[in-house]
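Single-structure report; data block below.
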Amino acid sequence: PQTTEAFLSIMESEVDRLSGMVDSLLKLTNLEQVPRSDRIKLGELLHQAAEDVSPLAAKKGIAILVEASPGTITGSRELLRRALFNLVENAVKYGPEGGEVQIHAEPDGANAAITVSDQGPRIPPELRERIFEPFFRLDTARSRDLGGTGLGLALVRAIAEVHGGSVSVEEGPAGGNQFLLRLPAESP
């Protein structure tokens, strides 16, 4: 019975992982068809992402700090929430226990600049573009242990681009990584 239970647990986690992968692939292929007319306040979007990831952050003792200047973007609330969730979830997953993740949004010309800063291991400069490719992983063994499918950042990039924006990563000012999601903003 113990062996059967252990195998069932492994099978269940693999089914969940594959289900997540299929869901991500479906989203990647249907992004153009999703309506993108929701008016979304930056503060609400950032606080929602922090709330969505808070159970995982609490397990690791990670504080999520949110700071948003007033601003509004237009797009798909569901897709933009997914993109920000993926960035914050990665920051928490790969961050150290007891660390912090900072989510910040501010106007930047005609755009809204949303940054997610973590304290995790730095992404080498030569791999900073590749991490946005489907199925690319920096550390396949560690990513699988943490439940990743290798599609999260590819989905973030696709969502940013379908909204006329972009995503990039650089070394964070205090170490770790800083992801920058740039999206067209509404005029004040």
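The values are calculated or read from the model by the stated rules, or taken from the named source; none is laboratory data. Just so it is clear, the structure is predicted and the values come from calculations on it, not from any experiment. In this analysis, Cβ positions are derived from the backbone assuming ideal geometry, glycine residues included, and neighbour counts consider all displayed protein chains. Remember, those area values only see protein heavy atoms, side chains included, never the ligands or the DNA or RNA. Shrake-Rupley method; radii C 1.70, N 1.55, O 1.52, S 1.80 Å.
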Efficiency of FRET from Cβ geometry, THR3 and GLU161, R₀ 41 Å, rounded to 0.05: 0.30
Would you work out the charge dipole size for the chain about its Cα centre, treating the Cβ of every Lys and Arg as +1 and the Cβ of every Asp and Glu as -1, and quote it to the nearest 20 debye? 160
Rounding to the nearest 10 and keeping the result within 0 to 90°, find how far the Cα-based axis of helix 77-94 lies from the longest principal axis of the chain. 60
Using +1 on the beta carbon of Lys and Arg, -1 on that of Asp and Glu, and nothing else charged, what's the dipole of region 83-129 about the Cα centre, debye to 20? 80
Put ARG122, ARG39, ARG81, ARG128 in order of accessible area, largest first, 1.4 Å probe: what do you get? ARG39, ARG122, ARG81, ARG128
The answer for the chain, accessible area per residue at 1.4 Å probe in Å², is 55
Let me test this: with uniform point scatterers at the alpha carbons of the chain, what is the Debye-based log₁₀ I(q)/I(0) at q = 0.16 1/Å? -1.02
Considering only protein heavy atoms and a 1.4 Å probe, what is the carbon-and-sulfur percentage of the accessible area of the chain? 53
Estimated distance in nm for a label pair at MET11 and LYS60, the labels positioned 7 Å out from Cα along Cα-to-Cβ: 3.1
For GLU100, which sequence-distant residues (separation of 5 or more, or a different chain) have an amide H within less than 5 Å of its own amide H, given hydrogens modelled in the peptide plane? ALA63, GLN119
Averaging over every viewing direction, what projected area does the convex hull of the Cα atoms of region 39-83 cover, in nm²? 3.1
How large is ³J(HN,Hα) for each residue in region 164-172, as worked out from phi by the Karplus curve 6.51 cos²θ - 1.76 cosθ + 1.60 (θ = phi - 60°), to whole Hz, x for Gly and Pro? x, x, 8, 9, 8, 9, 9, 5, x
Angle check, please: helix 152-162 long axis (alpha carbons) against the longest principal axis of the chain (alpha carbons), in degrees 0 to 90, nearest 10. 30
Rounding to the nearest 10 and keeping the result within 0 to 90°, find how far the Cα-based axis of helix 42-60 lies from the longest principal axis of the chain. 20
Built amide H within the under 5 Å cut-off of ARG122, gap 5+: GLY176
May I ask you to derive the relative contact order of the chain, considering only C-alpha pairs under 8 Å and at least 6 residues apart, and to give it as an integer percent? 23
Taking r as the C-beta separation of GLU97 and GLN33 and R0 as 45 Å, the FRET efficiency to the nearest 0.05 is 0.65
What order do PHE132, PHE85, PHE7 take when sorted by accessible area (1.4 Å probe), most exposed first? PHE7, PHE85, PHE132
